[in-house]
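A quick write-up on the structure given underneath.
All of the numbers you see were taken from the coordinates with simple rules; none came from a lab. Being a predicted model, the structure only gives us computed values, none of them experimental.
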Amino acid sequence: MTEVTGHVIDPDGEARRALLEAVAEHGPQALSDATIMDNLCRNRLAALPGESILIVSAARADVPALLRNEIPELGNYGAIQSVAATLARASDLDNAASLWVVREFARTLGMIAPGGTQPTPRIVPGGPAAEAAGASAGAEAAGAAAGAPPPGKPPGSRVLTRNTIGVAAAIALVAGYLGVAAAAHLSPFPAQTVAASSSQSPGTGQSTGQGTGQSTGPGTSPSTSPASSPDASPDASPTSDYAILLSKIPASVQGHNNCQLIGTQYGATAVIQCSRLNSGAGTIQYYLYPSPARLTSGVSALLSKAGFHRQRECTTGSEFTDFLAECQSDFHNQTPFMTGSIAEYTNTSHDPLIITTDNEQNVMAVLVGTNPGDLLAYWKQLNWIVR
């Protein structure tokens, strides 16, 4: 979103992608390492000097640790506001700019879901005030855009200026940009799959099925996006759960910038989406659960949201031979050893989907394809998860 000055923070989402890639490469602890962040900004964000200074300042202040300390008392969004104010005071930064970088760190760590609509400070043409998640952040953003010192700071106090960050207005304006990107692409029920693939033949690990006979609750029409708000009380740190879940995703699926953390939907403690896959599944979403009971509950919730109604087993004579819409079964594979469940169905655009679990690892996966036979063949290879 472009404001009256024509500048916007991280307009193309390059800084957000760089943070996600840094965590994928070095682990969540990278966000607390100023050296890693400085190298990242030099190599990836040379054209974004303002964003770079904010990111390095946040790492130097150990924003992830500050957030973890504040969340138990203030909740996710309250902690973000508090830590942003602390960072602004400690580093002599503009409040609105600090709010942007703290929210990006929280988003990268899975503390808030992507596509959030929490109010953010923005400049209103013709007015000194800004719509803000906090009054002080809005006042400072407006003052920076107008060239006046923010409230509570003497005229000589330094905020982010053109000399220190490159473009003053780019840092003063948070502009409602946060979370607007690509929410429609984070659904396990997309209108179109992002990648098609050629047919594959089943590999090792052919699975045999045993019916559960279990039906899901009353269905609703398939949703075009999963629940966007984070779990109210996740069982473990989103940071550590993200790293655990990432370790269960094969390198062939992760590929080059294919995977990103997208929240904590359906009771999961971490959710990662991998897209642009050159396989029978063009997109796979992975959900990590803290226990078998929570895994079972998550599967039921997702299938209910999708409007799934079990009509049959997914096997014929204990063998998976064809993709059978509206089927659900348990499966037991010997080599490699793996037990779980599988449900096959199509969404409103008739893309084939498989919802499956790895019961030993408490992981649910949503596989989305374009060709039913190719999707089932890919699932039967069991190459979509690390064993």
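What share of all Cα pairs of the range 314-387, in percent, falls into each consecutive 5 Å distance bin?
Values per bin, smallest distances first: 3, 16, 31, 27, 16, 6, 1, 0.
Report Rg(Cα)/(2.2 N^0.38 Å) for the range 29-104, keeping two decimals.
Details: Rg = 12.0 Å, N = 76, 2.2 N^0.38 = 11.4 Å.
Relative to the 2.2 N^0.38 Å estimate, the range 29-104 comes out at 1.05.
Under the √(5λ) rule applied to the eigenvalues of the Cα gyration tensor, what semi-axes describe the equivalent ellipsoid of the range 255-384? Give them in Å, descending.
Details: eigenvalues 80, 62, 48 Å².
The answer is 20, 18, 16 Å, longest axis first.
Rounded, prolate or oblate: which one fits the range 261-319, using the alpha carbon gyration tensor with axes a ≥ b ≥ c (rounded when a/c is under 1.5, else prolate when a/b beats b/c, else oblate)?
Because a/c hits 1.5 or more and a/b fails to exceed b/c, the range 261-319 counts as oblate.
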